[in-house]
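The values are calculated or read from the model by the stated rules, or taken from the named source; none is laboratory data. Fair warning: this is a prediction, and the values are worked out from it, not measured in the lab. Here the Cβ positions follow ideal geometry from the backbone for every residue, glycine too, while neighbour counts run over all protein chains shown. The area values use the complete protein model at the heavy-atom level, side chains included, leaving out ligands, DNA and RNA. Shrake-Rupley method; radii C 1.70, N 1.55, O 1.52, S 1.80 Å.
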Amino acid sequence: MTRGNDPTNPAGPNTQLVRAGYDPFDYHGFINPPKVHASTVLFPDAQTMDRNGQKYTYATRGTPTTDALCDAINELEGAAGTILVPSGLAAVTTALLAYLSRGDHALIVDSVYGNVRQFCDTMLSRFGVDVEYYDPSIGRDIEALFRANTKLVHTEAPGSNTFEMQDIPAIVEVAHRHDAIVTMDNTWATALFFRPLDAGVDVSIQASTKYPAGHADVLMGTISANAKHWPTLKRANGALGFCGTPDDAYQVLRGLRTMGVRLERHQASSLAVAKWLEGRNDVVRVLYPALESFPGHALWRRDFKGAGGVFSFVLAAGRGEDFKLKAERFLDGLSLFGLGYSWGGYQSLALRVDLSDRRIAQVPTEGPVIRLQIGLEDVEDLIADLERAFAISSTV
Ligand SMILES: *Cc1c(COP(=O)(O)O)cnc(C)c1O
C-alpha cells in the first residue's frame, strides 16, 4: 500500500479523485498509469492458457489502463464493478440491453436523454420489450404503472434539457418491492454530487464524455453496478464485446483528477448566471435545480451535494412571435458561447432545445427554451455575452 491509501480512513471526494484507481508503485513509481495498447496477451505456457490462469487474457476483457479507470470509478460510485463503453449513449443502451428481455415491461422517464428514447422506440421495441414513459415528477405514484412483467425503471435526474428532479429513493423503494431493477443516468451530477448506488439505485450510468473527460475531446461511457447486478452486466459486456480504448481510458482518468475543481467553478458560475437571468424581464423562467424558484429544488437540496453547470431558460417571446426565429436571433447574438451539442468541456455552449418528442411531462410553452452549458471562462464575460445576445434578439 502506498502512503495515503488507508482504507480504514476514507478520504474526502477530492482526495479520492487524486488517488483513485492506480498505485504508482505498481508501475515503477510513475505517477500516471501506462497506456497499454493491446489485443493479444501472451501466456507463459499452455497450461496457464488452458486454465485461463492469469489476470489478463485478451484486451476486450480489460487492460491495466482500462482497469485503472474502472477501479477509480468503482471507488467514486461505491460500485461492485464498472464497464467502459464507447460513448455515454452506449452506456445507457448497453445497460438496457443487459437487463431487459423479450416480454419485459420497462418504465423510462419521459425527460430521458433524447437518443435513448430513439433506441427504446426502435431497437428495444423491435426486440419485444414493452416501453412505457412516465412523468419525471411521479415519485412513489409510479407504483400504479407497475405490471407483473415490469423489469426495469430507468431514471435520469435532473432530466435532459428541462431538468426535472426525480424522487429517486421513493422510486427505488417501489421498484425493489416489485423486484424491478433501477438504472440511473447520473451524468449531470456525477458521483461527486450524487451517488446513485448509495440511494439504492442498482446501476449508475455516466457519460464520461462530459465532466470526467472534461475537455470535449473524448467519447466514453461508464456503467457501474451494485454487487447483486454486477455479474449480469459483466456477462453482457463480454457477450457484446464493447470496450473502452486505452487512450480514451487514460484521458478520462486524467480528467477525473481535476473534475472536483472544474465542477466547483462550473457550479459557481452557473448559479451566478442563472440568478442574473432570473432577474431579467426577457426571461420567463430558469430551469435549474439549484435555484429556489425551481419546482424540483427541495428534492435537489435533500439528495444532492451540488449542481452541474448545464441548465435551461425560457426566453420571453412576444404575442405571435416565431419561437424558432427568436431563438436563432438570440443564439446568433452570442460570441463566447459556442453553438454545439454535448457539455462538460471547458467552453460555454448554447443551443435551442427541441421538446417535441416529450409525451407526458409538462414542457414550457411561453417561449423558446435555450440550454446553456456554463464553461470555465470568467463569469463577467459570459454575462456580458448574454447581455449582447438579449439586446440583439429584442430588436427585429
Ligand atoms: C450527453 C449525454 C449522454 C450521451 O453521452 P455521449 O457520450 O455524448 O453519447 C447520455 N446521457 C446524458 C444525460 C447526457 O447528457
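Please arrange Asp198, Asp247 by accessible surface area, largest first, computed with a 1.4 Å probe and ligands excluded. Could the numbers behind the result be given before it?
On the way: Asp198 105, Asp247 60 Å².
Sorted by accessible area, descending: Asp198, Asp247.
The residues of the chain expose, per residue, 46 Å² of accessible area to a 1.4 Å probe.
Among the trypsin sites (Lys or Arg not before Pro) in the range 39-74, those placed in a DSSP loop whose Cβ has at most 10 other Cβ atoms within 10 Å are Arg51, Lys55.
Coupling constants for the range 180-193 follow from the phi torsions by the Karplus curve (6.51 cos²θ - 1.76 cosθ + 1.60, θ = phi - 60°), and in residue order they are 9, 8, 10, 10, 9, 8, 10, 4, 5, 8, 6, 5, 5, 9 Hz; glycine and proline get x.
The convex hull drawn around the Cα atoms of the range 121-162, when projected onto a plane and averaged over every direction, covers 3.7 nm². Using all pairs of distinct alpha-carbon atoms, the Kirkwood hydrodynamic radius of the range 173-315 works out to 17.1 angstrom.
Stick to Cα atoms and the Kirkwood definition of Rh, then tell me Rg/Rh for the chain. Don't skip to the answer; put the middle values down first.
Values: Rg = 22.0 Å, Rh = 22.1 Å.
Taking Rh as the inverse mean 1/r over Cα pairs, Rg/Rh reads 0.99.
Across the range 172-232, the relative contact order, built from alpha-carbon pairs under 8 Å that are at least six residues apart, equals 28 percent. For the chain, the longest principal axis of the alpha carbon atoms and the long axis of helix 246-278 meet at an angle near 20°. Taking a 23 Å limit on the Cα-Cα distance, which of the listed pairs Lys55/Lys234; Lys151/Lys210; Lys35/Lys55; Lys55/Lys151; Lys151/Lys234 fall beyond it? Among Lys55/Lys234; Lys151/Lys210; Lys35/Lys55; Lys55/Lys151; Lys151/Lys234, the Cα-Cα distance tops 23 Å for Lys151/Lys210; Lys55/Lys151. Residues whose amide H falls under 5 Å from that of Thr150, counting only those 5 or more places apart or on a different chain, are His105, with hydrogens built in the peptide plane. Normalised by the number of residues in the range 41-177, the average gap of Cα pairs under 8 Å and 6 or more apart makes the relative contact order 20 percent. Phi-derived couplings, Karplus 6.51 cos²θ - 1.76 cosθ + 1.60 at θ = phi - 60°, listed residue by residue for the range 293-308: 6, 7, x, x, 4, 4, 5, 4, 4, 5, 9, 9, 9, x, 10, x Hz, with x used for Gly and Pro.
Taking the longest Cα principal axis of the chain as reference, the axis of helix 379-394 is set at about 50 degrees. Subtracting the Cα-Cα distance of Ala144 and Lys228 from 0.36 nm times their residue separation leaves 27.7 nm of extension gain.
Considering only the chain, what is the antiparallel percent among its DSSP beta bridges, to the nearest 5?
If we restrict to bridges inside the chain, about 55 percent are antiparallel.
Less than 5 angstrom separates the built amide H of Thr187 from those of Ala207, all sequence-distant by 5 or more or on a different chain.
For the chain, adding -39500 (n - 2.57) for each run of n ≥ 4 DSSP H residues and dividing by the number of residues yields -10500 deg cm²/dmol at 222 nm. Relative to the Cα centre, the charge distribution of the range 105-202, modelled as +1 at Lys and Arg Cβ and -1 at Asp and Glu Cβ, gives a dipole magnitude of about 240 debye. Annotation note: trypsin sites (Lys or Arg not before Pro) in the range 296-396 located in DSSP loop regions with a Cβ neighbour count of at most 14 within 10 Å are Lys305, Arg319, Arg359.
So, with +1 on the Cβ of K and R and -1 on the Cβ of D and E, and no other charges, what is the size of the charge dipole of the chain about its Cα centre, to the nearest 20 debye? It would help to have the intermediate numbers written out before the result.
Working: 37 positive and 46 negative charges, 86 e Å.
Computed charge dipole of the chain: roughly 420 debye.
Taking θ as phi - 60° and the Karplus parameters 6.51, -1.76 and 1.60, the scalar couplings of the range 219-228 work out to 10, 6, x, 10, 10, 10, 10, 6, 4, 5 Hz in sequence order, x denoting glycine and proline. For the chain, the relative contact order comes to 16 percent (Cα pairs under 8 Å, sequence separation of at least 6).
The tail of the calculated P(r) for the range 285-394, taken as Cα-Cα distances beyond 16 Å, holds 63 percent of the pairs.
Remark on Val284: its backbone amide H falls under 5 Å from those of Val314, Leu315, Ala316, a criterion applied only to residues 5 or more positions apart or on other chains, H modelled at 1.01 Å from N.
Each Lys or Arg adds one and each Asp or Glu takes one away; over the other residues whose Cβ falls under 14 Å from the Cβ of Ser208, this sums to -1.
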